[in-house]
1. When the label point is put 7 Å from the Cα of GLU74 along its Cα-to-beta-carbon vector, which residues of segment 1-23 have a backbone N closer than 13 Å?
2. Quote to one decimal, in nm, the extra length available between LEU34 and ASP2 on full extension: 0.36 nm per residue of separation minus the C-alpha distance between them.
Amino acid sequence: MDIAHAQREMRTRFAGGFYGQAVSGLLWLASAALAGGGVAIALHWPASFAAAGWYTGVALIAFGIVGRAIVRREASTERARE
């Protein structure tokens, strides 16, 4: 097994980081929702905290979806070669 094949296999097995990015993105969205909803911590931080949380959460989920699509395309190409 060569290194390129091993790396491709790891990306396929771990779905290109999709699940980790999705969980992280959901946590950021949850924290933004809590901060935007008027939780006590949100009273001590500026309003930009809520906006940054929303942007970060959306960006992480978008990158996770893109990564998952790349891994699926690589896996289907690999299967077609075999």
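1. Answer for this model: 3-18.
2. 6.8 nm
Bear in mind these aren't lab numbers, they're just calculated from the coordinates by the rules spelled out. All values reported here derive from a predicted model rather than from experimental measurement. Using ideal geometry, Cβ is built from the backbone for each residue, glycine included, and neighbour counts are taken over all protein chains shown.
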